[in-house]
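**Student:** My structure is below; once you've seen it, I'll send some questions.
The values are calculated or read from the model by the stated rules, or taken from the named source; none is laboratory data. Please read these numbers as outputs of a predicted model, since none were measured by experiment. Cβ atoms come from the backbone with ideal geometry, glycine included; neighbour counts cover every protein chain shown.
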Amino acid sequence: MKLKYILVAFTVIIICFSCKEKKAPVRGLVTTKAMVVSARIEASNIGKQILEQGGNAFDAMMATDLALAVAYPYAGNLGGGGFMVYRLNNGDIGALDYREKAPLAATKDMYLDSIGNVIPNLSTRGAMAVGVPGTVAGVFEAHRKFGTLPIETIIKPVIALAKRGVFVTKKQEIRLAEKQQDFKLANKDSILFTKAWKENDSIKYVNLAKTLTRLMKNGRDEFYKGESAKTLAQFVQNNGGIITEEDLANYEAKWRTPITFNYDNLRIISMSPPSSGGVAMAQVLKSVEEYDLDKFGHNAVKTIQVLAEAERRAYADRSYYLGDPDFVNVPQDKLISDTYLENRMASFSFEKATPSTEISHGTVDIVESDETTHYSIIDQFGNAIAVTTTLNSGFGSKLYCQELGFFLNNEMDDFSSKPGVPNVYGLIGAKANAILPEKRMLSSMTPTIVEKDGKLLMSVGTPGGSTIITSVLQTILNVHEFKMGMQEAVNAPRFHHQWLPDEIRMEPNRFKTETINTLEQKGYTINEERSPVIGIVDGILVLPDGKLEGGADSRGDDAAAGF
Ligand code: DON
C-alpha cells in the first residue's frame with residue numbers, strides 16, 4: 001500500500017518536472033480570418049472593426065493610420081509620412097510612397113552656418129526641421145485605388161475616439177515626461193502635452209477631431225488646398241519655417257515598384273527607394289543565404305558574425321548610393337545582384353572582423369534613436385499590407401499645431417545635411433541624399449511582405465531608425481531559419497551593425513556572455529548600452545493551417561486584434 005502511494009507520488013513529480021522542462025510555445029493572438037497588429041490596441045480595434053464591417057485591408061489601413069494619429073501621437077501622425085507595401089489576394093504587389101519631401105525653398109546647405117558647420121538642432125527641432133507631410137495624401141490615395149467602404153464609415157470611429165479620449169499608458173507617461181523641455185523649446189505657447197500626464201489619464205483630442213471631421217467632409221484636398229492647408233502653412237511660417245501653401249498643393253503620394261528578391265523558397269517584397277529598406281535588406285539576406293544559419297543556431301557566434309558583416313557592407317553602400325530615385329540614379333539592380341554581393345563578401349572570414357575602415361571611411365557619434373510606427377493588416381479576403389509611418393523622432397520636430405491638433409515631423413534630418421556628418425541615427429550620407437527642393441529624404445523604413453512557395457506567409461515591419469532594416473530581416477530569419485512562430489520571432493533578442501560606428505549593438509542582457517566574449521576576441525566591439533530596445537516589430541504570420549498569428553512587440557504597447 002505504502003509503496004503504491006510512493007510510486008504515485010514519484011510519477012506525479014516526474015510528470016510535473018517534464019511539464020516544466022517542456023516550455024509552452026510562445027503564441028500571439030491566433031484568428032481564422034483577419035488581423036490588424038499596431039502600436040495601440042485602440043488603433044488595432046478600429047482597423048478590425050472596419051474589416052468586420054466588410055471593409056478590406058486598404059479601408060482598414062485608413063482607419064488604423066488615422067487612429068494611430070489619435071492614440072499614438074509619439075509616431076502616429078497627420079504631420080508625417082510613410083510607406084505601404086501590399087500584396088493582393090491574386091498575388092499582385094505594389095508599394096505606395098507617401099514620404100515627406102523638402103519644401104520648394106529648401107537648399108543644400110540650409111542647415112549649415114557661414115563656415116559650413118551643421119547648426120545644432122536646426123534639422124531636428126522646430127519649424128525648419130519639417131518636411132512637407134505626406135500621410136493624408138497616402139491614406140486617401142490607397143483608399144482611392146483599392147478602398148471599398150465610404151470615407152465616412154472609416155473616419156467616424158476615429159473621430160469618436162479623439163472626442164472620447166485615449167488612456168495614457170506607462171510608457172507614454174515616461175515619453176511625455178522626457179520631452180517636456182523639447183516641447184518648450186519648439187513651441188511658442190504651451191501645448192496639449194505640456195503637462196505632467198500620468199498613466200490612466202485620458203487625453204481628449206478635440207481639435208484633432210475637428211480636423212478629421214473636415215477631412216471626412218472635404219477629402220484629401222482639405223489638407224493640401226483647403227482651410228487646413230492655409231492654417232498649416234501659416235503656422236509653420238509663424239514659427240520660422242519655410243513650408244508654403246504651394247508646397248502643400250504640390251504634394252502627391254507616389255506608387256512605386258517594390259523591391260523583390262528570393263531567399264530559399266521565400267519571395268520577399270519590400271520598400272524601394274526613397275527607402276533604403278528593401279535594397280539593404282536584399283543585400284544582407286542574399287549575402288547570407290548560402291550559409292547554414294539554422295545549423296549555426298539562433299544568435300550563435302557564427303550567425304551574428306555573418307549577418308553583422310553583411311550588414312556592415314550593406315550600410316556602407318546605403319550611405320553612398322541611395323537617395324530619392326526621382327532625383328538620383330540608384331543602381332539598385334546592381335547592388336542586389338549575385339555577382340556584386342559575392343565580391344562584396346569576398347573579404348569576409350569567420351576568423352576575424354573586417355574593420356569598417358577597410359570597407360569605407362568616416363567618423364561618427366550617434367544619438368539615441370526615437371520613434372516611428374509599423375502596422376500590419378491581413379483581411380478576410382486574403383489581401384495583405386505592411387505600413388510603416390513616422391514623424392521621424394518621437395513627437396517629430398516637437399512643434400505641435402494646437403489649432404489643427406497634431407505634431408509636425410522632423411524628417412528633414414533624414415537628408416544628409418553635410419556629406420560625412422551623421423544624422424540623428426548615426427547614418428552618414430553623401431551626394432545621393434543631399435537636400436534639393438521637392439526631393440524625398442532617404443529612409444530606412446522597411447514594410448515587408450513575404451511569400452513562401454508562392455503563397456502569402458507574412459506581413460512585417462518596425463520602427464527603429466537605422467535599426468529597422470536589421471530588425472525586420474532578423475524577424476524573417478527567426479521564422480524561416482529558426483522555425484519560430486510570429487510572436488516568438490518578435491520577442492527574440494536583436495542585434496545590429498550599420499557600418500559606422502564600427503560596433504555590434506545588442507539588446508542589453510539578452511545575449512550570452514560567452515557569445516559576446518568570443519565575438520570580442522575576433523575583433524568585434526559590442527555595445528549593449530546604446531539601444532535598450534532594437535525595433536518594436538509587429539507582424540502577422542499565416543500558419544500552416546491557414547490561421548493567422550499576430551506578433552505584437554511588448555517592447556512597446558503594441559497589440560493585435562482580429563477575428
Ligand atoms: O525614415 C526613417 O528611416 C526614419 N525617419 C525612421 C525613424 C524611426 O524609425 C524612429 N524610430 N525609432
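**Student:** Does region 215-226 hold any residues that are in a helix (DSSP H, G or I) and more than 17 Å from Asn77 (Cβ to Cβ), and which are they? I'd like the intermediate steps shown before the answer.
**Tutor:** Residues of region 215-226 in a helix (DSSP H, G or I): 215-218, 221-224.
Within region 215-226, Met216, Lys217, Asn218, Asp221 qualify.
**Student:** I'd like the full set of residues that are among the β-branched types (Val, Ile, Thr) and not in a strand (DSSP E or B), limited to region 80-99.
**Tutor:** In the first step, residues of region 80-99 are kept if they are among the β-branched types (Val, Ile, Thr); the result is 85, 93.
None; the set is empty.
**Student:** Also: Report, by residue number, each residue of region 449-470 that is touching a helix residue (DSSP H, G or I) at 6+ places or on another chain (Cβ under 7 Å) and either within 14 Å of the ligand (Cβ to nearest atom) or of a type outside the set (Val, Ile, Thr) (or both). Steps first, answer last, please.
**Tutor:** Our first condition is that a residue be touching a helix residue (DSSP H, G or I) at 6+ places or on another chain (Cβ under 7 Å); within region 449-470, this holds for 450, 458, 460-462, 464, 468-470.
Across region 449-470, the qualifying residues are Met458, Gly461, Thr462, Gly464, Ile468, Ile469, Thr470.
**Student:** Also: In region 370-389, what residues are over 10 Å from the mean Cα position of the chain (by Cα) and near the ligand (Cβ under 10 Å from one of its atoms)?
**Tutor:** Passing the criteria: only Asp370.
To keep it simple, each residue is scored yes or no on (1) of a type outside the set (Asp, Glu); (2) surrounded by fewer than 24 Cβ atoms within 10 Å (Cβ to Cβ); (3) at pLDDT below 95.
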position: Thr31; (1), (2), (3): yes, yes, no
position: Gln49; (1), (2), (3): yes, yes, no
position: Glu52; (1), (2), (3): no, yes, no
position: Met61; (1), (2), (3): yes, no, no
position: Leu66; (1), (2), (3): yes, no, no
position: Asn77; (1), (2), (3): yes, no, no
position: Arg87; (1), (2), (3): yes, no, no
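**Student:** Out of all the residues in region 11-27, is one or more within 25 Å of the chain's Cα centre (by Cα) and either loosely packed, with under 10 Cβ neighbours inside 10 Å or at pLDDT 95 or above (or both)? Give the steps one after another, and end with the answer.
**Tutor:** Restricting attention to region 11-27, the residues satisfying the condition of being within 25 Å of the chain's Cα centre (by Cα) are 26-27.
If we keep only those that are either loosely packed, with under 10 Cβ neighbours inside 10 Å or at pLDDT 95 or above (or both) too, we end up with 27.
Yes, because at least one residue in region 11-27 is within 25 Å of the chain's Cα centre (by Cα) and either loosely packed, with under 10 Cβ neighbours inside 10 Å or at pLDDT 95 or above (or both).
**Student:** Further, regarding this structure: Tell me which of these Thr518 doesn't satisfy, since it passes every other one: (1) away from the ligand (no atom under 16 Å from the Cβ); (2) among the polar types (S, T, N, Q); (3) surrounded by 24 or more Cβ atoms within 10 Å (Cβ to Cβ).
**Tutor:** Going through (1) away from the ligand (no atom under 16 Å from the Cβ); (2) among the polar types (S, T, N, Q); (3) surrounded by 24 or more Cβ atoms within 10 Å (Cβ to Cβ) one by one, Thr518 breaks only (3).
**Student:** Name, by its number, the condition in (1) in contact with a Gly (Cβ under 9 Å, 6 or more places away or on another chain); (2) assigned to a helix (DSSP H, G or I); (3) within 16 Å of the ligand (Cβ to nearest atom) that does not hold for Leu473.
**Tutor:** Just one mismatch for Leu473, condition (1).
**Student:** Which residue pairs have Cβ atoms closer than 6 Å, lie 6 or more positions apart in sequence or on different chains, and pair a first residue in region 494-509 that is touching a residue at least 60 places away in the same chain (Cβ under 8 Å) with a second residue that is among the small types (Gly, Ala, Ser) and not in a strand (DSSP E or B)?
**Tutor:** Note: pairs meeting the criteria are His497/Ala308; Gln498/Ser466; Trp499/Ala316; Trp499/Ser356; Leu500/Ser356; Leu500/Gly362; Asp502/Ser356; Ile504/Ala308.
**Student:** Assuming Ile93 fulfils every condition listed in (1) of a type in the set (Val, Ile, Thr); (2) buried (at least 22 other Cβ atoms within 10 Å of the Cβ); (3) more than 20 Å from Pro463 (Cα to Cα) apart from one, which condition is it?
**Tutor:** (2)
**Student:** Please give the helices (runs of 4 or more DSSP H) falling wholly within region 230-316 in which 2 or more residues are within 30 Å of Arg125 (Cα to Cα). Spell out the reasoning first.
**Tutor:** Values: elements: 245-250, 277-288, 293-296.
Result: 245-250, 277-288.
**Student:** Hey, could you check region 540-563 for residues that are hydrophobic (A, V, I, L, M, F, W, C) and not in a strand (DSSP E or B) and say which is nearest to Gly47 (Cα to Cα)?
**Tutor:** Filtering region 540-563 for residues hydrophobic (A, V, I, L, M, F, W, C) gives 540-543, 548, 552, 559-561, 563.
When the remaining residues are screened for being not in a strand (DSSP E or B), the result is 543, 563.
On the way: Leu543: 21, Phe563: 11 Å.
Checking each candidate, the answer is Phe563.
**Student:** Could I ask something else about it? Name the pairs: first residue in region 435-464 and closer than 15 Å to Lys101 by Cβ, second residue among the acidic types (Asp, Glu) and more than 8 Å from the ligand (Cβ to nearest atom), Cβ to Cβ under 6 Å, at least 6 apart or on different chains?
**Tutor:** Qualifying pairs under 6 Å: Lys439/Asp324; Arg440/Asp324.
**Student:** Based on what the data block shows, is Ile191 in contact (Cβ under 8 Å) with a residue 40 or more places away in the chain and either outside any loop (DSSP other than H, G, I, E, B) or exposed (fewer than 15 other Cβ atoms within 10 Å of the Cβ) (or both)? Don't jump to the end; show me each part of the working.
**Tutor:** Working: in contact (Cβ under 8 Å) with a residue 40 or more places away in the chain: yes; either outside any loop (DSSP other than H, G, I, E, B) or exposed (fewer than 15 other Cβ atoms within 10 Å of the Cβ) (or both): no.
It is false that Ile191 is in contact (Cβ under 8 Å) with a residue 40 or more places away in the chain and either outside any loop (DSSP other than H, G, I, E, B) or exposed (fewer than 15 other Cβ atoms within 10 Å of the Cβ) (or both).
**Student:** Identify, from the list Glu438, Glu358, Glu371, Glu411, the residue that is at pLDDT 95 or above, of a type in the set (Asp, Glu) and surrounded by fewer than 24 Cβ atoms within 10 Å (Cβ to Cβ).
**Tutor:** Working: Glu358 fails: at pLDDT 95 or above; Glu371 fails: at pLDDT 95 or above; Glu411 fails: surrounded by fewer than 24 Cβ atoms within 10 Å (Cβ to Cβ).
Answer to the check: Glu438.
**Student:** OK, next. From the list Phe495, Phe511, Phe482, which one is under 25 Å from Asn392 (Cβ atoms) and among the aromatic types (Phe, Trp, Tyr)? Working first, answer last.
**Tutor:** Numbers: Phe511 fails: under 25 Å from Asn392 (Cβ atoms); Phe482 fails: under 25 Å from Asn392 (Cβ atoms).
On inspection, the qualifying residue turns out to be Phe495.
**Student:** Can you tell me how many residues in region 93-114 are polar (S, T, N, Q) and either more than 28 Å from Thr446 (Cα to Cα) or modelled with pLDDT under 95 (or both)?
**Tutor:** In the first step, residues of region 93-114 are kept if they are polar (S, T, N, Q); the result is 107, 114.
From the residues that got through so far, the ones that are either more than 28 Å from Thr446 (Cα to Cα) or modelled with pLDDT under 95 (or both) too are 114.
Qualifying residue count for the region: 1.
**Student:** Testing Arg318 on (1) touching a residue at least 24 places away in the same chain (Cβ under 8 Å); (2) within 18 Å of Ser349 (Cβ to Cβ), one condition comes back false. Which one is that?
**Tutor:** (2)
**Student:** How about region 292-327: which of its residues are surrounded by fewer than 20 Cβ atoms within 10 Å (Cβ to Cβ) and within 30 Å of Pro437 (Cα to Cα)?
**Tutor:** Across region 292-327, the qualifying residues are Tyr320, Pro325, Asp326, Phe327.
Matching residues to (1) within 25 Å of the chain's Cα centre (by Cα); (2) within 16 Å of the ligand (Cβ to nearest atom); (3) small (Gly, Ala, Ser); (4) surrounded by 14 or more Cβ atoms within 10 Å (Cβ to Cβ):
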| residue | (1), (2), (3), (4) |
| --- | --- |
| Glu173 | yes, no, no, yes |
| Asp182 | yes, yes, no, yes |
| Asn187 | no, no, no, yes |
| Trp197 | no, no, no, yes |
| Leu208 | yes, no, no, yes |
| Thr213 | no, no, no, yes |
| Ser228 | no, no, yes, yes |
| Ser275 | yes, yes, yes, yes |
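**Student:** Quick check on Gly429: is it at pLDDT below 95, over 30 Å from Asp545 (Cα atoms) and within 16 Å of the ligand (Cβ to nearest atom)? Show your work before the answer.
**Tutor:** Working: at pLDDT below 95: yes; over 30 Å from Asp545 (Cα atoms): yes; within 16 Å of the ligand (Cβ to nearest atom): yes.
Spelling it out, Gly429 is indeed at pLDDT below 95, over 30 Å from Asp545 (Cα atoms) and within 16 Å of the ligand (Cβ to nearest atom).
**Student:** Can you find a residue that is of a type in the set (A, V, I, L, M, F, W, C), within 27 Å of Lys170 (Cα to Cα) and in a strand (DSSP E or B) anywhere in region 522-536?
**Tutor:** So in region 522-536, the residues of a type in the set (A, V, I, L, M, F, W, C) come out as 526, 533-534, 536.
Right, trim to within 27 Å of Lys170 (Cα to Cα) and you get 533-534, 536.
Checking the rest, the ones that are also in a strand (DSSP E or B) come to none.
No, region 522-536 contains no residue that is of a type in the set (A, V, I, L, M, F, W, C), within 27 Å of Lys170 (Cα to Cα) and in a strand (DSSP E or B).
**Student:** Now a separate question. Out of the residues in region 527-546 that are more than 24 Å from the chain's Cα centre (by Cα) and of a type outside the set (D, E, K, R), state the one that is farthest from Thr31 (Cα to Cα). Give the steps one after another, and end with the answer.
**Tutor:** Filtering region 527-546 down to residues more than 24 Å from the chain's Cα centre (by Cα) leaves 544-546.
Then keep just the ones that are of a type outside the set (D, E, K, R); that gives 544, 546.
Details: Pro544: 13, Gly546: 10 Å.
Looking at residues that are more than 24 Å from the chain's Cα centre (by Cα) and of a type outside the set (D, E, K, R), I get Pro544.
**Student:** Among the residues of region 390-405 satisfying the criterion of being on the phi < 0 side of the Ramachandran plot and surrounded by fewer than 24 Cβ atoms within 10 Å (Cβ to Cβ), which is nearest to the ligand (Cβ to nearest atom)?
**Tutor:** At the first step, the residues of region 390-405 found to be on the phi < 0 side of the Ramachandran plot are 390-391, 393-394, 397, 399-404.
Then keep just the ones that are surrounded by fewer than 24 Cβ atoms within 10 Å (Cβ to Cβ); that gives 394, 401-404.
Working: Gly394: 7, Cys401: 20, Gln402: 24, Glu403: 25, Leu404: 21 Å.
Filtering first and then ranking leaves Gly394.
**Student:** Would you confirm whether any residue within region 149-159 is closer than 29 Å to Tyr111 by Cα and either of a type in the set (Phe, Trp, Tyr) or crowded, with 16+ Cβ neighbours inside 10 Å (or both)?
**Tutor:** Residues of region 149-159 that are closer than 29 Å to Tyr111 by Cα, as a first pass: none.
Looking for residues that are closer than 29 Å to Tyr111 by Cα and either of a type in the set (Phe, Trp, Tyr) or crowded, with 16+ Cβ neighbours inside 10 Å (or both), one finds none in region 149-159, hence no.
**Student:** Would a scan of region 265-272 turn up a residue that is closer than 18 Å to Gly134 by Cβ, buried (at least 23 other Cβ atoms within 10 Å of the Cβ) and out of contact with any Gly (no Cβ under 7 Å at 6 or more places or on another chain)?
**Tutor:** no
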